[in-house]
């Protein structure tokens, strides 16, 4: 055990003297987390308006057209895009250029025709081949119908009750009643799914993604130490002592694991305190997942160090897996945005399992049990990598 610790401490001292290690393990993940987070809207100043932009031009100016405007402005489906300097032709061009989903024109005399029940018509400019047209048409008809209902109701009430129920009062009361309909559809979400803003969800993806990516990239320094040890025949001389091959492997593995696990702890703390990514919602699950991910990546680094025959090969064997495993495992783009086939292929990468576990905690709001499968997968990969490293080292020393 002492020999294992001695080898691990020797590696850690060598790694601590190399500024590249600090850059790859700490600085670069933070920089790229900010970069990817900004690209995916993680630092946007406010929530985006998802309503359909619809131009509005009132050529009538009556109280009826103003009431219609009020109903449309309160819509949760369309957003009125108004500019008094625009003409009907300008709106038509904006719709044609797809800068507006549609445009509503209130012609002169609309209010008078409406009150006289004389075939009052709105002009709507839209591409009727799009799915947005159906939504805009339904919303416009609903607003016009509510306005017509309010006018008819107020007229009848005034005729029946006279001054006790004047038209203006009845009209306002009827329109207000539409804001609280007797039947309403309430949208709810299962309590098993955590609700969050697009900003927090973006950072909750980029934070573990960059952390895992640069943990793999940082293996190049530790792998080069193992390569140098073998090339200088230090390993062979070490094996002539009471030190066993298993001691050497475990010593190097412990050094790489300690470095990566420390990196994870520091970056998780940074994301929790600065980026507000809620890793500590389940601190035990986060720690377990960080441990298993570091265990897996450390075993991969050990295998790279044993397989590589030169420092240049160690660099290639570290950088290529970083790009392949990170891209395939969803560190850059969430696998949820891809097809089922790519998601299945992506889970051939240990990065995908680690991403699943971290996002189950920070985004999806699942319990501790949701990280057990990712943890088992990562430990399984670690066993495979370590076994291959031990086999490869044994074969190379026999030659």
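Give, in nm to one decimal, the length gained when the segment between residue 35 and residue 6 is fully stretched (0.36 nm per residue of separation minus the Cα-Cα distance). Can you show the working numbers first?
Values: separation 29, 0.36 × 29 = 10.44 nm, distance 3.92 nm.
Using 0.36 nm per residue and subtracting the Cα-Cα distance, I get 6.5 nm.
Among 351, 384, 156, sorting on how many other beta-carbon atoms sit within 10 Å of each Cβ, with the fewest leading, yields 156, 384, 351. Taking Cα atoms only, the orientation of helix 131-161 departs from the longest principal axis of the chain by about 40 degrees.
Where a ≥ b ≥ c are the square roots of the eigenvalues of the C-alpha gyration tensor, would you call region 46-146 rounded, which needs a/c under 1.5, or, failing that, prolate if a/b is larger than b/c, or oblate?
Numbers: a/c = 1.62, a/b = 1.44, b/c = 1.13.
Cα axes put region 46-146 in the prolate bin.
Between the helical axis of 63-73 and the longest alpha-carbon principal axis of the chain there is an angle of about 10 degrees. Just to be sure I understand: with springs between alpha-carbon atoms less than 10 Å apart, which residue in 267, 254, 89 has the highest mean-square fluctuation in the Gaussian network model of the chain? The residue that fluctuates most here is 89.
With all pairs of separate Cα atoms included, the chain yields a Kirkwood hydrodynamic radius of 26.0 Å. Given contacts defined as C-alpha pairs under 8 Å and at least six residues apart, what's the relative contact order of the chain, whole-number percent? RCO, the chain: 19 percent. Report the far tail of the P(r) of region 306-368, meaning the percent of Cα-Cα pairs longer than 16 Å. Here the long-distance tail beyond 16 Å is 53 percent of all Cα pairs in region 306-368.
Largest GNM mean-square fluctuation across 129, 364, 244, computed for the chain with C-alpha springs under 10 Å, falls on 129. Between residue 373 and residue 76, what's the calculated FRET efficiency when r is the beta-carbon distance and R0 is 41 Å? Round to 0.05. The calculated FRET efficiency here is 0.55.
Got a sec? How would 353, 133 order by Cβ neighbour count within 10 Å, fewest to most?
Details: 353 26, 133 16.
Listing 353, 133 from fewest to most nearby Cβ atoms yields 133, 353.
How far is helix 198-217 tilted off the main Cα axis of the chain, in degrees rounded to 10, range 0 to 90? Once rounded, one gets 20 degrees.
When the chain is modelled as a GNM with alpha-carbon springs shorter than 10 Å, which of 338, 241, 228 fluctuates the most? Checking each option, the largest mean-square fluctuation is seen for 241.
Between rounded, prolate and oblate, where does region 214-313 land on the alpha carbon gyration tensor, with a ≥ b ≥ c its root eigenvalues, rounded for a/c under 1.5, else prolate if a/b exceeds b/c? Present the calculation step by step, with values, prior to reporting the outcome.
Numbers: a/c = 3.63, a/b = 2.25, b/c = 1.61.
In terms of gyration-tensor shape, prolate.
In plain terms, the chain from residue 123 to residue 86 could stretch by 11.8 nm, reckoned as 0.36 nm per residue minus the Cα-Cα distance.
Laboratory data are not the source of any read-out in this text; all were calculated from the coordinates shown. Predicted, not measured: the structure shown is a model, and the values here were computed from it. In this analysis, Cβ positions are derived from the backbone assuming ideal geometry, glycine residues included, and neighbour counts consider all displayed protein chains.
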